[in-house]
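Student: If you scroll down you'll find the structure; I have some questions about it.
The values are calculated or read from the model by the stated rules, or taken from the named source; none is laboratory data. All values derive from a computational prediction rather than experimental measurement. Note: ideal-geometry Cβ built from the backbone for every residue, glycine included; neighbour counts use all protein chains shown.
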């Protein structure tokens, strides 16, 4: 079970956590947990506001971004911006595939659970 933890931290605190995780990774002691730490409220709020998109990806398992846009009722250009943001943060991966001779981009969420850690 892969878990994603979302948190808000000061830049120095996030760097310290990264150093600890790197040490654990070097000895192979990491659990299947990923963490996204935001250092500003604007990006955190953007992530939270677009959680329904992550939910739609998990629910519908779309074969393309266009299919996701249709099922979620979101304009394709707006959805592309949201997906790029999630991809940049590490919450979504884009798999490129060829379907019926066309190259399509399929969004994938590889986490079973997403947890919010608001207390530092």
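Student: Quick one: count up the residues across the stretch 52-68 that are closer than 21 Å to residue 99 by Cβ and within 17 Å of the chain's Cα centre (by Cα).
Tutor: 10
Student: Ok, one more. Just name the residue that is surrounded by the most Cβ atoms within 10 Å (Cβ to Cβ) out of those in the stretch 85-108 that are in contact with a strand residue (DSSP E or B) (Cβ under 9 Å, 6 or more places away or on another chain) and in a helix (DSSP H, G or I).
Tutor: 86
Student: So, in the stretch 58-71, how many residues would count as being assigned to a helix (DSSP H, G or I) and either more than 19 Å from residue 115 (Cα to Cα) or modelled with pLDDT of 95 or more (or both)?
Tutor: Of the residues in the stretch 58-71, 8 are assigned to a helix (DSSP H, G or I) and either more than 19 Å from residue 115 (Cα to Cα) or modelled with pLDDT of 95 or more (or both).
Student: Identify all residues within the stretch 67-84 that are in contact with a strand residue (DSSP E or B) (Cβ under 7 Å, 6 or more places away or on another chain) and closer than 22 Å to residue 5 by Cβ; write none if there are none.
Tutor: Across the stretch 67-84, the qualifying residue is only 83.
Student: Could you tell me whether residue 12 is part of a loop (DSSP other than H, G, I, E, B), at pLDDT below 80 and exposed (fewer than 15 other Cβ atoms within 10 Å of the Cβ)?
Tutor: No, not satisfied.
Student: Tell me, yes or no, whether the stretch 27-38 has at least one residue that is under 17 Å from the mean Cα position of the chain (by Cα), surrounded by fewer than 14 Cβ atoms within 10 Å (Cβ to Cβ) and modelled with pLDDT under 95.
Tutor: Yes, there is a match, as at least one residue in the stretch 27-38 is under 17 Å from the mean Cα position of the chain (by Cα), surrounded by fewer than 14 Cβ atoms within 10 Å (Cβ to Cβ) and modelled with pLDDT under 95.
Student: For residue 73, all conditions in the list (1) under 23 Å from residue 99 (Cβ atoms); (2) touching a residue at least 24 places away in the same chain (Cβ under 8 Å) hold save one; what is the number of the exception?
Tutor: Looking at each condition in turn, residue 73 falls short on (2).
Student: So, in the stretch 39-51, how many residues would count as being touching a helix residue (DSSP H, G or I) at 6+ places or on another chain (Cβ under 7 Å), at pLDDT 90 or above and either assigned to a helix (DSSP H, G or I) or farther than 26 Å from residue 77 by Cα (or both)?
Tutor: Residues that pass the stated criteria total 2.
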